[in-house]
């Protein structure tokens with residue numbers, strides 16, 4: 001165990017990963033301002049849908065969030081340069097965690113992974129070479145790192161990809177229903193739009209997605225398949241970047257290859273002046289047992305957390321309970337209708353409430369199909385009415401469709417959601433049971449395929 005974890009190996013891959021990661025998170029900070037993401041997500045709304053329990057995290061007033069993200073971008077640049085590395089990485093990790101927890105309107109698994117990696121990077125010795133810290137302080141300069149560093153990152157990535165594949169092992173993904181729905185929204189893309197509507201493209205997307213996520217890490221670990229796997233990875237992630245426009249994640253995923261290739265090859269190509277470390281010293285830290293215990297607990301948590309949806313009595317595709325933090329990526333399409341009603345104490349009839357006046361354009365699209373957001377909206381409606389001197393109950397009439405199927409009632413309209421507590425680890429009784437045929441594959445319109453083929457001609 002000591003040799004496996006604490007033997008020192010060349011750290012070229014880690015220091016180059018720090019440069020790439022620092023650049024990408026800097027672009028995430030500055031890019032969120034430039035693309036209008038900060039404005040749409042954090043400035044335009046009157047309030048944000050926090051992770052429940054973190055309501056104290058709210059956007060800064062005025063232009064505060066622009067300065068907030070500009071500062072994040074600057075910390076990213078400092079991480080890239082390796083200047084005051086641990087402080088800069090800690091500040092970025094803390095600030096990004098606050099952003100992540102203060103809004104769910106733009107939730108995706110990539111943001112969760114980025115938060116995990118930011119905190120992990122705080123503790124990695126990524127500034128021991130090719131950094132301003134090492135330039136100004138020769139005492140910390142070192143060409144090596146303990147092997148556990150590389151193993152930690154590889155295992156984290158492996159968990160993400162594996163669960164991303166397993167989550168797709170269900171009928172609507174395997175019969176290309178989901179891929180066809182996703183590509184239907186890309187029909188107006190210049191040049192590739194008609195191509196993305198072809199049936200064989202949908203089958204390729206569905207099965208390449210499953211196989212890539214499941215096999216990419218083992219193929220990168222095996223020397224004989226490493227280069228082929230890396231080339232496939234570049235194509236796969238560039239395709240995702242162009243078609244799905246998911247920010248820095250595809251490029252971060254490509255940069256993970258630095259931990260798989262031989263450090264000698266990486267060093268010779270990217271840091272030719274650096275002497276390759278090959279002494280293989282074993283340096284056992286004084287805190288060995290505590291360290292192994294903490295790392296073990298972390299990975300047990302990472303392995304078990306994505307499985308928690310099996311502890312709920314209904315299907316996660318229907319209820320969404322256990323969906324977040326589970327690497328269920330690009331997995332399903334949800335459509336919904338939503339009506340909100342209020343009833344004052346003593347009144348017999350309910351009144352329809354215009355909930356849209358409370359929400360931004362982006363929030364209106366997100367709130368309809370997600371039960372926790374609907375519950376939070378009910379609390380907001382009750383608060384808004386209380387400010388007007390009215391004590392009300394809040395009822396919701398909601399219908400949901402999964403993967404282009406039929407609409408079915410989703411929330412019990414007789415339950416006052418504003419009076420219901422939120423339970424983090426229990427099923428909510430006001431979510432109606434999933435209908436037996438809610439996942440039935442909708443009939444595909446053959447005219448779509450004909451039109452796509454004609455456009456390609």
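Brief remarks on what is shown
- Entirely in the stretch 325-408, the strands (runs of 3 or more DSSP E) that have 3 or more residues that are modelled with pLDDT of 95 or more and not assigned by TED's automatic domain parsing to the domain that holds residue 100: 334-344, 392-402
- Note on the stretch 380-407: among residues that are under 29 Å from the mean Cα position of the chain (by Cα) and on the phi > 0 side of the Ramachandran plot, the one that is surrounded by the most Cβ atoms within 10 Å (Cβ to Cβ) is 403.
- Taken as a whole, the condition of being crowded, with 17+ Cβ neighbours inside 10 Å, touching a residue at least 40 places away in the same chain (Cβ under 8 Å) and in contact with a strand residue (DSSP E or B) (Cβ under 6 Å, 6 or more places away or on another chain) does not apply to residue 5.
- Any chance residue 421 is outside any strand (DSSP E or B) and either in the same structural domain as residue 177 (by TED's automatic domain parsing) or surrounded by 12 or more Cβ atoms within 10 Å (Cβ to Cβ) (or both): no
- Wholly enclosed helices (runs of 4 or more DSSP H) of the stretch 217-294 bearing at least 2 residues in contact (Cβ under 8 Å) with a residue 24 or more places away in the chain, in the same structural domain as residue 37 (by TED's automatic domain parsing) and closer than 22 Å to residue 196 by Cβ: 223-244, 249-255
- Residue within the stretch 148-163 that is more than 19 Å from residue 300 (Cα to Cα) and either outside the structural domain of residue 296 (by TED's automatic domain parsing) or part of a helix (DSSP H, G or I) (or both) present: no
- Residue 130 crowded, with 16+ Cβ neighbours inside 10 Å, out of contact with any strand residue (DSSP E or B) (no Cβ under 7 Å at 6 or more places or on another chain), in the same structural domain as residue 109 (by TED's automatic domain parsing) and not in a loop (DSSP other than H, G, I, E, B): no
- Verdict on residue 260 being surrounded by fewer than 17 Cβ atoms within 10 Å (Cβ to Cβ) and over 30 Å from residue 359 (Cβ atoms): no
- The stretch 301-348 - residue that is touching a helix residue (DSSP H, G or I) at 6+ places or on another chain (Cβ under 9 Å) and at positive phi and, of those, surrounded by the fewest Cβ atoms within 10 Å (Cβ to Cβ): 325
- Given (1) at pLDDT 95 or above; (2) crowded, with 19+ Cβ neighbours inside 10 Å; (3) closer than 30 Å to residue 278 by Cα, number of the condition residue 162 does not satisfy: (3)
- For the stretch 365-375, residues that are out of contact with any helix residue (DSSP H, G or I) (no Cβ under 8 Å at 6 or more places or on another chain) and surrounded by fewer than 21 Cβ atoms within 10 Å (Cβ to Cβ) total 2.
Okay, residues lined up against (1) in the same structural domain as residue 122 (by TED's automatic domain parsing); (2) in contact with a strand residue (DSSP E or B) (Cβ under 9 Å, 6 or more places away or on another chain); (3) assigned to a loop (DSSP other than H, G, I, E, B); (4) buried (at least 22 other Cβ atoms within 10 Å of the Cβ):
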site: 14; (1), (2), (3), (4): yes, yes, no, yes
site: 38; (1), (2), (3), (4): yes, no, no, yes
site: 70; (1), (2), (3), (4): yes, no, no, no
site: 73; (1), (2), (3), (4): yes, no, no, no
site: 78; (1), (2), (3), (4): yes, no, no, no
site: 86; (1), (2), (3), (4): yes, no, no, no
site: 92; (1), (2), (3), (4): yes, no, no, yes
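The values are calculated or read from the model by the stated rules, or taken from the named source; none is laboratory data. What you see is a predicted model, and the numbers here were worked out from it, not measured in a lab. Neighbour counts are summed over all protein chains in view; Cβ atoms, including those assigned to glycine, are modelled from backbone coordinates with ideal geometry.
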